[in-house]
Amino acid sequence: MNKVIDSKHNASYKYFKKIATKKSFRKEENKTILVGPHIINSCLEVKKDIECFIRDEKTESLEIKEIIKSNPNIEIYDLKHGLFLELSDLKSSNGLIALIKIPIEVDIEIKKGLNLFVDGIQDPGNLGSILRTAEAAGIKSVFLSKSSAELWSPKTLRGSQGAQLNLRCYEGQDLLTLFDQVSLPIYSLSVCGDSLYGDDIPKDLILILGSEGGGINAEIISKSTKSISIPMHGSIESLNVGAAAGIFIYEYFRRHRLNVGD
């Protein structure tokens with residue numbers, strides 16, 4: 001039997017709300033929420049465990065009904081429409097939320113191919129965009145510095161559409177220490193550097209992406225084999241880090257992976 005929640009004072013609702021809004025509580029509980037059937041389906045496809053479904057009482061979606069029908073052993077909480085909107089932090093309801101355990105990558109592995117090192121990107125939307133592009137291009141590993149945005153926050157998940165479910169992502173990393181453990185070329189993406197289009201890109205590579213305001217930490221830049229820039233015309237001084245990362249990643253994809261079948 002479904003559990004009905006019609007008050008924000010309900011103990012279960014308070015718990016869900018803390019997971020949705022408080023980073024420290026997500027870390028303590030090692031849980032987060034996935035908002036919307038698309039990202040929930042992505043979670044189910046990679047066989048990650050879902051603890052419970054949280055459903056808008058007004059939902060009529062056939063997609064949501066199919067998700068619930070296909071997973072009959074997962075507990076369901078039915079929320080009043082207003083409470084669902086408050087929990088999802090959206091202006092309109094997409095009908096379903098899932099509570100999940102946050103996957104943890106224990107064994108750090110820097111593989112062949114393109115590895116992303118994220119140094120202090122603060123905006124969850126930018127980080128989510130980069131993760132989404134990384135998954136689409138077949139990148140396997142992303143390493144995030146301690147000062148980067150939270151990997152499993154609802155806002156990052158919204159921007160990535162759950163791409164981190166299919167990537168090997170390592171949060172809270174000391175990037176300088178990691179550099180000492182690898183022999184791969186290290187490229188930093190910068191406004192000053194050799195043109196992306198006039199240089200060879202090694203197939204096995206670390207690419208460093210810096211924060212929106214300050215760029216890449218100077219000590220980290222000093223570890224770079226090369227700085228790479230994206231040519232620009234007109235009065236624009238720099239690109240959004242998510243857009244810049246996407247341009248580099250797909251130029252790498254074009255050179256090394258396109259039509260290869262991997």
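List pairs: first residue in segment 129-144 and on the phi > 0 side of the Ramachandran plot and outside the structural domain of Gly242 (by TED's automatic domain parsing), second residue surrounded by fewer than 19 Cβ atoms within 10 Å (Cβ to Cβ) and among the small types (Gly, Ala, Ser) anywhere in the structure, Cβ distance under 9 angstrom, at least six positions apart or on different chains.
Final answer for the pair search is none.
Return the residues of segment 226-241 that are touching a Leu at 6+ places or on another chain (Cβ under 7 Å) and among the acidic types (Asp, Glu); say none if nothing qualifies.
Hits for segment 226-241: nothing passes.
Applying the selection to segment 154-196, what residues are in contact (Cβ under 8 Å) with a residue 24 or more places away in the chain, of a type outside the set (Gly, Ala, Ser) and part of a loop (DSSP other than H, G, I, E, B)?
The answer is Gln161, Asn166, Leu167, Asp174, Gln181, Val182, Leu184, Pro185.
Considering each of Asn94, Asn73 in turn, give the residue that is touching a strand residue (DSSP E or B) at 6+ places or on another chain (Cβ under 8 Å) and either assigned to a loop (DSSP other than H, G, I, E, B) or surrounded by fewer than 23 Cβ atoms within 10 Å (Cβ to Cβ) (or both).
When all the criteria are applied, what remains is Asn94.
Restricting attention to segment 37-58, does a residue exist that is among the hydroxyl-bearing types (Ser, Thr, Tyr), farther than 28 Å from Glu135 by Cβ, in contact with a helix residue (DSSP H, G or I) (Cβ under 8 Å, 6 or more places away or on another chain) and not assigned by TED's automatic domain parsing to the domain that holds Thr156?
no
Output the residue which, of all residues in segment 29-70 that are closer than 24 Å to Lys14 by Cα and among the hydroxyl-bearing types (Ser, Thr, Tyr), is surrounded by the most Cβ atoms within 10 Å (Cβ to Cβ).
For segment 29-70, the residue satisfying everything is Thr32.
The values are calculated or read from the model by the stated rules, or taken from the named source; none is laboratory data. Here the structure is a predicted model, which means the values were calculated and not measured. Every residue, glycine as well, gets a Cβ built from its backbone with ideal geometry; the counts of neighbours run over all protein chains shown.
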